[in-house]
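All remarks here apply to the structure that follows.
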Amino acid sequence: MAIIFRHLLLLSVLFVSVYAQEEAKADAKVADAKVAGAKGEVKVDDPAAEKAREEIEAEWLKKDAYKTFNEEKVLGPHEMFGDPFGNPNDFKDKKIPDDFGGRAPPAYAMPVELGYKGKWEIVSENSGVSSMHAMLLPKTNKLNTDTWSSSGGLDIEGTLGSTGGFQGGANTVRYLGTAEGSDWREFPTALADRRWYSTQATLPDGAFIVVGGRDAFSYEYIPKEGQSNPKPFAFEFLRQTSDPEENNLYPFVYLSTDGNVFIFANSRSVLLSPTTNQIVREFPELPGGSRNYPASGASVLLPIKFHSQDPKEIVPAEVLICGGSAHKDSYSKAEKQIFYTALEDCGRMRITAKDPVWKRELMPTPRIMGDMMVLATGEVLILNGAKRGASGWGFAREPNFAPVLYSPRAKIGARFTELAPSTIPRMYHSTSTVLPDGKILVAGSNTNNGYIYDAMYPTELRVEKYSPPYLDAAVITKRPEIVTINEQMTYAQNIDIEVKITGGKVDHGDVRVTMYSPAFTTHGINMNQRLILLPMREVVPAGGNYKVGVISPISNLVAPVGYYMLSVVFQGVPSVTKWVQIK
């Protein structure tokens with residue numbers, strides 16, 4: 001895979017070419033499971049499985065083993081189960097709902113049994129730059145405006161739209177198309193407000209909304225190419241969530257499955273209608289501290305799963321927010337060489353629920369400035385960052401070397417698994433990117449105001465790849481391979497995929513298909529990252545391979561128009577992805 005870097009002033013942008021996709025082979029064995037409370041075996045895509053899981057979880061919420069933030073006592077995995085925690089196989093006797101509506105967590109069941117925690121490899125000793133931004137792209141070229149602390153995403157045709165930045169780049173919208181010979185097109189006056197540390201999100205039709213930024217208590221929609229916004233939309237919510245430390249920069253912004261936009265800043269969150277430009281809902285405050293830059297927690301929209309084919313039915317959507325700082329003054333204290341311990345908790349909330357409430361879980365270790373990547377298997381990989389301090393030049397200590405795997409539907413108290421650590425600090429200004437072969441490209445880290453190599457944490461030019469547990473060499477010969485697929489799809493369409501599977505007997509419940517919208521990654525925020533679990537129709541032998549039948553997303557509220565990385569997952573191990581476009 002070709003990796004192309006461009007260096008601009010004392011900054012850097014990392015883009016990854018996807019012309020070539022690396023090949024690998026892996027597999028994992030998934031144990032059959034029953035959902036407690038359901039009669040007999042539960043089908044993988046049976047809505048009853050999800051209902052049963054929710055009922056069981058509701059019962060657990062009544063017990064001391066799992067408390068909401070609003071209750072006095074909160075117990076974490078250490079308190080519930082002792083050490084070590086995090087291996088789903090340690091808790092088979094507990095009747096707790098499992099993953100994917102009736103099957104055990106699929107991503108790493110076999111690797112965990114084998115004790116495999118993943119592997120790190122250095123792929124470049126000197127890339128020439130310290131990556132600050134990262135995103136998968138067909139190609140890249142030189143920029144003329146400053147992209148420092150900017151935002152971005154892919155439009156319906158796969159064109160990168162990047163917004164904001166530093167000084168002369170703050171009002172800029174820049175584009176990079178996918179056609180051979182494409183170059184950057186830059187419009188320095190497109191945005192009405194200066195956007196530095198703002199967040200960009202994709203709307204159902206592929207348009208973009210840009211929210212916040214330093215001294216920008218507003219949002220706006222990216223205008224058509226060559227046009228300029230006359231004024232932004234004032235957003236009092238951002239002014240209310242600001243504080244002396246500015247702990248509401250790089251807000252967490254997601255398109256909800258009801259068509260509204262979820263916006264989280266500091267410790268509060270709202271739902272904004274992009275059609276009326278009114279706040280339609282305010283959520284409970286997430287206790288514990290500040291979660292956004294420079295307190296710098298991390299967040300994801302958890303995998304989206306739908307059963308109904310009715311596009312009017314709202315599909316459940318959940319967000320997960322992990323880490324940050326319990327002290328709102330962590331940034332100013334770090335300036336004085338006082339480094340507070342980061343938060344080690346996560347808040348999880350179903351934003352489409354009638355009465356949403358934050359539920360608390362504890363990570364194995366504290367983390368600030370971490371990245372959260374949604375894997376093709378439905379798990380969330382948490383990596384990079386530090387255990388103390390805040391974002392900023394030299395404002396953090398104790399690098400957090402060990403990634404953590406979070407299984408959203410695994411047993412409560414066993415959702416976190418600590419993985420093999422890196423040896424390279426990845427702190428302020430580091431990046432992570434999910435690659436087509438399932439590995440994670442990790443680069444950057446520069447806590448210094450310039451490229452400095454004799455500091456406590458030198459400017460980092462090395463680039464690594466991390467292989468998650470599903471790439472265990474012990475089972476690599478069983479990895480599925482996509483043979484043929486229609487790369488163009490529409491909504492609510494029957495899709496047939498020809499897949500080569502050599503891992504022995506193939507049952508319907510062994511196969512999953514996911515679609516992933518790659519993230520624009522910077523400063524511990526992963527914009528526009530989205531994973532959809534497609535309903536399974538059939539898995540049948542076909543000409544020596546298998547025909548895997550699925551249903552495409554029901555609407556652009558579930559999956560906005562544009563490009564996705566599609567993966568077939570067999571017994572918890574994902575194939576190399578294929579790019580598909582939905583519109």
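Below are the figures for this structure:
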quantity	calculated
Options 519, 570, 533, ranked by Cα towards positive dipole end of segment 480-582, top entry (Cβ charges)	519
Bins of 10 Å from zero: percent of alpha-carbon pairs in segment 480-582	15, 49, 27, 8, 1
Zero-based 10 Å bins, Cα pair distances in segment 309-381, whole percents	16, 35, 30, 14, 4, 1
Fewest-first ranking of 355, 155, using other Cβ atoms within 10 Å as the exposure measure	355, 155
Sorted largest first, extent of segment 357-507 alpha carbons per principal axis (Å)	54, 37, 37
453, 293 arranged by Cβ crowding within 10 Å, fewest neighbours leading	453, 293
Packing rank of 496-509, 321-334, where each peptide gets the mean count of other beta carbons within 10 Å, highest leading	321-334, 496-509
Dipole magnitude (debye, nearest 20) for segment 376-510, charges at Cβ of Lys, Arg, Asp, Glu	460
Listed peptides 277-286, 515-524, 343-352 by packing density, highest first (mean Cβ within 10 Å)	515-524, 343-352, 277-286
When each of 305/578; 465/505; 305/439; 117/411 is checked by Cα-Cα distance, pairs over 28 Å	465/505
Residues of segment 238-260 with amide N under 16 Å of the 7 Å Cα→Cβ point at residue 336	244-245
Largest-first principal axis extents, alpha carbons of segment 246-290, Å	31, 20, 17
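Read-outs throughout are calculated quantities, based only on the coordinates presented, and are distinct from any laboratory measurement. These numbers were taken from a predicted model, which means no experiment stands behind them. Every residue, glycine as well, gets a Cβ built from its backbone with ideal geometry; the counts of neighbours run over all protein chains shown.
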